[in-house]
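Below: one structure, written as structure tokens.
The values are calculated or read from the model by the stated rules, or taken from the named source; none is laboratory data. No experiment lies behind these values; they were computed from the predicted model shown. With ideal geometry, Cβ positions are generated from the backbone for all residues, glycine too; neighbour counts draw on all protein chains shown.
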Amino acid sequence: MLIKILANPKKQWAKDLAKEAKNFLSASPASHKIVSKGAEVTLCIGGDGTILYANHEGKLEGKILAIGAEKSYICQLNRTNWKEKIFSLLGQGKTTKIMTLEAQVNGKTYHAINDFVIHATHYRVAEIDVEIVENGVTNKNSFEGDGLIVSSSIGSTGYAYSAGGEKLTPIERKIAVVPICPYKRAFSGQVLSETAQVNVIPGNDCAFILDGIFIRKLKRGENVRIKKSADLIFFEGVG
């Protein structure tokens, strides 16, 4: 099996473990080969954030397996059990499809596993228009608040849940729309089908954030179009 290893460069334990994993996999009877591209499996080492950033950078290939800390949500393995479980997961080959999201802004497409966030800047309240298109019906809402989260099901247990959204299971094919501190609770969170599209138009400059990564500032009136993207294939054990 062709395996690419990606380690979080900011975590020494991840870099050390990556070297150990390379030797461990290369010496296995299954004849796993470590490659830099054209991989059948990407092994991410460092935690959930390592997977999110690798996805943003377009570095994920094939099926995804990850080693993180004990509290990691997406990672199937952790620092203490990876050696005893990794060959079983690779050998059985059981996988789970995880729905991701994409956003189009000013002709450019961005991809997220967890969520997109449009957030107020400079401690000011944001004016946000939200247009939801689902099953041929368009609903328009406007509210003032700190921002808006558009989350996948796997991302619903993070920022979206903390902001009052519904907690979904990782394999559900749904999109969650969650306002952040809406003024007078003028807009409530919603759970949409995977076919829905969410258009977000800020009434003033806002930050555009992808899986916790600041991408750029949104100008007033820019339209962020968010919808389902391609599935990622994870080995079983996510969540």
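Do the conditions hold for PHE187, that is, is it in a strand (DSSP E or B), of a type outside the set (Lys, Arg) and farther than 17 Å from MET99 by Cβ? So PHE187 fails the test. Here is the figure for segment 20-68: residues that are in a loop (DSSP other than H, G, I, E, B) and of a type outside the set (Val, Ile, Thr) total 19.
Looking only at residues in segment 44-75 that are of a type in the set (S, T, N, Q) and touching a helix residue (DSSP H, G or I) at 6+ places or on another chain (Cβ under 9 Å), the one that is surrounded by the fewest Cβ atoms within 10 Å (Cβ to Cβ) is SER72.
Screening ALA176 on (1) in contact (Cβ under 8 Å) with a residue 24 or more places away in the chain; (2) surrounded by fewer than 20 Cβ atoms within 10 Å (Cβ to Cβ) shows it passes everything except condition (2).
Restricting attention to segment 192-205, does a residue exist that is in a helix (DSSP H, G or I) and modelled with pLDDT under 95? No.
Among the residues of segment 179-216, those identified as under 20 Å from the mean Cα position of the chain (by Cα) and of a type outside the set (A, V, I, L, M, F, W, C) are PRO179, GLY189, GLN190, SER193, GLU194, THR195, GLN197, ASN199, ASP211, GLY212, ARG216. Taking the criterion of being free of Cβ contacts under 8 Å to residues at least 40 places away in the same chain and either under 14 Å from GLY46 (Cβ atoms) or buried (at least 21 other Cβ atoms within 10 Å of the Cβ) (or both), the only residue of segment 76-89 that qualifies is ASN78.
For segment 149-175, a tally of residues being out of contact with any Phe, Trp or Tyr (no Cβ under 6 Å at 6 or more places or on another chain), assigned to a loop (DSSP other than H, G, I, E, B) and either on the phi < 0 side of the Ramachandran plot or modelled with pLDDT under 95 (or both) returns 11.
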